[in-house]
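Visitor: My questions all concern the structure below.
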Amino acid sequence: MRRTSRKKRSTLANRAIAASAALILGGGGLVAVNVYASAGEGPSGSSPPTRTQNAGSQLSTIDCPEAVNGLPEVPDEARGEVDRELAAMDTQITDAYRQFADRKEQIARDPGLAENAVLGPLRSKRTASLDRIGIAIGRAGERPAGLESLAGCSLRADDSRGGNGGGRGDGNGGRGDGGGQDDGQGQDPGQNQGQDGGQDPGGQDPGQGQDPGQGEDPGQDQGQGGNGPVAADFVDIQSVQPNVDRPRQRRGASRGTFTTDCGRNENGKFNPDNVIVAPGVSNGAHHMHDYIGNQANDAFASDDDLANGATTCRNQGDRSTYYWPVLRLQNGQDENDVDADGGGRDQNVGEIQTPSQVTLKFVGSPVGRVTAMPRFLRIITGDAKAFTNGDANANASWSCTGFEDRQLTDKYPICPEGSQVVRTFAFQNCWDGQNTDSANHRTHVAFAQENGRCPNGFRAVPQLVQRIVYDVPPGPGFAVDSFPEQLHKPITDHGDFINVFDDRLMNKLVRCINDGRRCR
């Protein structure tokens, strides 16, 4: 592939997304067809309410309940089959979105077409998949009841018409701050978990809205692929008020840092798989990932494959895999994947950008010592479907060099000349002490609570914080890859990590952090 290198929320919620930066600082008239207009209106795991489309707004995407969130604990014996069915359901949504996008104008004229051509067939396919999931779980335990309630989907409008670009609180164990370390020293006592659920009590923060200078109708389809992003997804970083709280130091904190250098994907390892969420399924992500570290990572990689894989990390004791959605310039240029899965076939188009810098830093706990991560621990931070799921698990943040005291979660930054775009991912820093993964790939790890301590039953582990920098032209002409129906929204940004440190290097990492040293 060719690659180039080129409102105010609560104090707690602002700290939640902002503290990651502290590590770095020193049409209209449609009748009701099960449509709703805001990601916050339909709780994940239930069908959104039927709403009449607002006059003048446009249906933009398909919204389905996140099936994995409605499942009980999945027995280990059933997990492979369940994961494959969940991946198939993602493909069903992708296919339905294509049907919707191809017929959007017809649906605007004839809303009944949405049910007959898109939503009805999708519901039937999802019902069949959910039934197979129930059977698979039932073979190893009690078959869950009520899964059919997760089958129904809706059409919805793009609600990114201005609004807040800042932080948001936690739903139930998804969000966290950036590890709370001030340049490798003081720790953030908040460690986030904003219990306000991310709801804005009213009004918009005048410093956080969309860039008034864009002058485009944010309801129109934008982007090279025709499905986003829109002008309202961008904000001039200079119009955003600083929102990073410098963390306080606490007695007993583990203040050290360990940095591992694994390159910037200069060798161009890409694929649209996700071995964590969709093992054994090609194109399980429906978007392209950058990979650094372990070079054996694809949909079919086993733990043994990863343990024996080559690594781009300078220290060969780190064979971990670090991956995230690629960032593309929306410049009309085709990539080599323009006709491939995860690329153009999934409406991810434009020129893939190689980061100008990638920093992988592990930091400690604000209240005590950390313990070693288990080998093959899997962690996902952020939510690839946050546009439709809601923001409970959205915790990647965006900023610009020179302005990293201003962090955004649901806007892309427009950086001034000479400044570069920055993506920051803070990974969960508490582990349940038993499992390297869980059925929803989240509940075996958690973010520390507001007081900096891990939830009951969890123990503190080193927290991975990734900082990825891009040299792209100033302006709104870029986007991350996403599932097609997620419309390339910045809030869908996310990162994935599998720990494949050898025991010796992991123990060195833990000692370094607990002793308050800065190591590589």
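Visitor: Taking the range 437-458 as the search range and keeping residues that are of a type outside the set (Asp, Glu) and open to solvent by 50 Å² or more (accessible area, probe 1.4 Å), which one is nearest to the chain's Cα centre (by Cα)?
Guide: 443
Visitor: What's the number of the condition residue 331 fails, among (1) at pLDDT 95 or above; (2) open to solvent by 10 Å² or more (accessible area, probe 1.4 Å)?
Guide: Failing condition for residue 331: (1).
Visitor: Can you name the residue in the range 304-320 that is touching a Gly at 6+ places or on another chain (Cβ under 7 Å) and not charged (D, E, K, R) and, of all such residues, is nearest to residue 498 (Cα to Cα)?
Guide: Filtering first and then ranking leaves 320.
Visitor: Within the set of pairs 6 or more residues apart or between chains, which connect a residue that is at positive phi inside the range 498-520 to a residue that is open to solvent by 20 Å² or more (accessible area, probe 1.4 Å) with Cβ atoms less than 9 Å apart?
Guide: 516/185; 516/255
Visitor: Pick out, from the range 361-471, the strands (runs of 3 or more DSSP E) lying fully within it that include 1 or more residues that are among the aromatic types (Phe, Trp, Tyr) and in contact with a Leu (Cβ under 7 Å, 6 or more places away or on another chain).
Guide: Fully inside the range 361-471 and qualifying: 397-400, 463-470.
Yes/no matrix, rows are residues, columns are (1) modelled with pLDDT under 95; (2) open to solvent by less than 40 Å² (accessible area, probe 1.4 Å):
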| residue | (1), (2) |
| --- | --- |
| 70 | yes, yes |
| 78 | no, yes |
| 85 | no, yes |
| 88 | no, yes |
| 100 | no, yes |
| 115 | no, no |
| 122 | no, yes |
| 127 | no, no |
| 132 | no, no |
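Visitor: May I ask you to list pairs of residues, at least six apart or on different chains, whose Cβ atoms are under 7 Å apart, with the first in the range 49-75 being over 16 Å from residue 127 (Cα atoms) and the second being at pLDDT below 50 and not in a loop (DSSP other than H, G, I, E, B)?
Guide: 49/36; 51/35; 51/36; 53/35; 59/35
Visitor: Any idea which residue in the range 367-398 is most open to solvent (accessible area, probe 1.4 Å), counting only those that are over 29 Å from residue 155 (Cβ atoms) and out of contact with any Ser or Thr (no Cβ under 7 Å at 6 or more places or on another chain)?
Guide: The selected residue is 375.
Visitor: Report every pair of residues separated by at least 6 positions or lying on different chains whose Cβ atoms are under 7 Å apart, first residue within the range 445-472 and under 30 Å from residue 403 (Cβ atoms), second open to solvent by 60 Å² or more (accessible area, probe 1.4 Å) and modelled with pLDDT under 95.
Guide: So the pair list comes out as 452/250; 471/5; 471/6; 472/6.
Visitor: On to the next question. Could we say that residue 482 is in a loop (DSSP other than H, G, I, E, B), under 24 Å from the mean Cα position of the chain (by Cα), surrounded by 24 or more Cβ atoms within 10 Å (Cβ to Cβ) and not charged (D, E, K, R) here?
Guide: The answer is yes for residue 482.
Visitor: Further question on the same structure: Restricting attention to the range 405-436, and to residues there that are of a type in the set (S, T, N, Q) and closer than 21 Å to residue 510 by Cα, which single residue is surrounded by the most Cβ atoms within 10 Å (Cβ to Cβ)?
Guide: Looking at residues that are of a type in the set (S, T, N, Q) and closer than 21 Å to residue 510 by Cα, I get 429.
Visitor: Something else about it: Name the one entry in 383, 391, 471 that is among the acidic types (Asp, Glu) and out of contact with any Gly (no Cβ under 9 Å at 6 or more places or on another chain).
Guide: Just a single option satisfies the conditions, and that option is 471.
Visitor: Now for a separate question. If residue 499 satisfies every condition in (1) open to solvent by 10 Å² or more (accessible area, probe 1.4 Å); (2) touching a Phe, Trp or Tyr at 6+ places or on another chain (Cβ under 7 Å); (3) closer than 19 Å to residue 445 by Cα but one, which is the exception?
Guide: Residue 499 satisfies every listed condition except (1).
Visitor: Tell me the residue from 364, 350, 342 that is buried (at least 22 other Cβ atoms within 10 Å of the Cβ), under 19 Å from the mean Cα position of the chain (by Cα) and not charged (D, E, K, R), please.
Guide: After applying the criteria, what remains is 342.
The values are calculated or read from the model by the stated rules, or taken from the named source; none is laboratory data. Quick caveat, the model's predicted, so the values are computed rather than measured. Quick reminder, even Gly has a Cβ in these numbers, built from the backbone with ideal geometry, and neighbours come from all protein chains shown. Protein only, heavy atoms only, side chains kept; ligands, DNA and RNA dropped before computing areas. Shrake-Rupley method; radii C 1.70, N 1.55, O 1.52, S 1.80 Å.
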